[in-house]
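The values are calculated or read from the model by the stated rules, or taken from the named source; none is laboratory data. This one's a predicted model, so the numbers in the text were calculated from it and none came from an experiment. For neighbour counting, all protein chains shown are included, and Cβ atoms are generated from backbone atoms with ideal geometry for every residue, glycine included. Just so you know, the surface numbers come from the protein's heavy atoms only, side chains and all, with ligands and any DNA or RNA stripped out. Shrake-Rupley method; radii C 1.70, N 1.55, O 1.52, S 1.80 Å.
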Amino acid sequence: MIETVLQISLLLLAIAMIGLIYRLIKGPTVPDRVVALDAMGVNLVSITAVLSMLLGTSNYLDIILLIGILAFIGTVAFAKFLEKGKVIEHDRDQ
Amino acid sequence: MKTNDVIFQTVAKVVFFMIIFFAVHLFFAGHYYPGGGFVGGLLTSGAIVLLLLAYDMKTVRRGFPVDFKWLISLGLLFSVGTAAGSLMFNVPFFTHAYDYFQLPLFGKTSLHTAMLFDLGVYLVVIGVTMTIIQTIGESE
C-alpha cells in the first residue's frame, strides 16, 4: 500500500520536474528562470526523500541537507545578481 | 547602488557556522557512511562562498588571512606523505593502518591513517575551489 503511494508520488514529482524544466528553458524573463531553478532544488529534495523511504534506507538524509544548503547558496547568489548585477564584489563600500 | 542587506549579513554569519559543522560531520562520517574529504571540502568552500556573497572579497580576505594556493600544496603533502609513509614499514604503497584506542571522552574508538589522507583531500578541495572562485568570480 505505502509502496504504491510512494511510487505514484515519485511519478508526480517527475512530472512537476518536467514542467519546471519547460519554464527554465522557455521562461520569458530572468526571474522566471531563477524561480524555476529554485523550485527544482526543492523538488530534488522531495524526490530524494521519497526515494529514501522507498528504498528503506536513512543514508540519503545527509544528502537532502546537502542539496538544501547548495540550493540556498545558489538562490542567494541569483538574488544578489538580479539586484546588484554582480555576484562577488571587491569592496562593498564603494 | 547602495543596498540594505543587514538581514542577509546577520543570517549569513549564523548559517556559516551551521554549514561548517555539517561539513565537519560529513568529513568524519566519511569512513563508514556517505561523506568524506571531498564533500566536506566542497561544503566548507560553499560556506566561504556564502560569506563572499554576504560581504565582499576584502572582508573575507581579512577573515581568512591565508593564501588558498598554499592549502593545495599542504593538502598534497598530507596525502602523498600518508601514502608514502607506508613504504617505511615495508608494506605496499597506500597501505593504511588502523587500531582501536581507549579515548577518555569517546570510549573505544578506531583511528585510521586513511583519515590523514582524507584530510589532505579536504585541504586540496578547499584550496582549488576557493582559488578558482577568487580568480574568476570577482567583478572589477
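Numbers below:
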read-out: Residues of segment A:20-29 classified as farther than 15 Å from residue A:41 by Cβ and part of a helix (DSSP H, G or I), total; value: 3
read-out: Flag for residue B:53 being modelled with pLDDT of 85 or more, within 14 Å of chain A (Cβ to nearest Cβ) and closer than 19 Å to residue B:131 by Cβ; value: yes
read-out: Yes/no for residue A:36 being in contact with a helix residue (DSSP H, G or I) (Cβ under 7 Å, 6 or more places away or on another chain), more than 10 Å from chain B (Cβ to nearest Cβ) and either over 30 Å from residue B:47 (Cβ atoms) or part of a helix (DSSP H, G or I) (or both); value: yes
read-out: Segment A:54-86, subset in contact with a helix residue (DSSP H, G or I) (Cβ under 9 Å, 6 or more places away or on another chain) and more than 24 Å from residue B:23 (Cα to Cα), residue farthest from the other protein chains (Cβ to nearest Cβ); value: A:54
read-out: Hits in segment B:98-140 - residues which are modelled with pLDDT under 80, touching a strand residue (DSSP E or B) at 6+ places or on another chain (Cβ under 8 Å) and part of a loop (DSSP other than H, G, I, E, B); value: B:137, B:139
read-out: Selected residue [more than 10 Å from chain A (Cβ to nearest Cβ), on the phi > 0 side of the Ramachandran plot, open to solvent by 40 Å² or more (accessible area, probe 1.4 Å) and free of Cβ contacts under 8 Å to residues at least 24 places away in the same chain] from B:4, B:90; value: B:90
read-out: Output for segment B:31-70, where each listed residue is within 30 Å of residue B:96 (Cα to Cα), part of a loop (DSSP other than H, G, I, E, B) and open to solvent by 20 Å² or more (accessible area, probe 1.4 Å); value: B:31, B:32, B:33, B:34, B:35
read-out: Neighbours by Cβ (under 7 Å, 6+ apart or cross-chain): first from segment B:32-48, in contact (Cβ under 8 Å) with a residue 40 or more places away in the chain and within 10 Å of chain A (Cβ to nearest Cβ); second open to solvent by 10 Å² or more (accessible area, probe 1.4 Å) and β-branched (Val, Ile, Thr); value: B:42/B:125; B:42/B:129
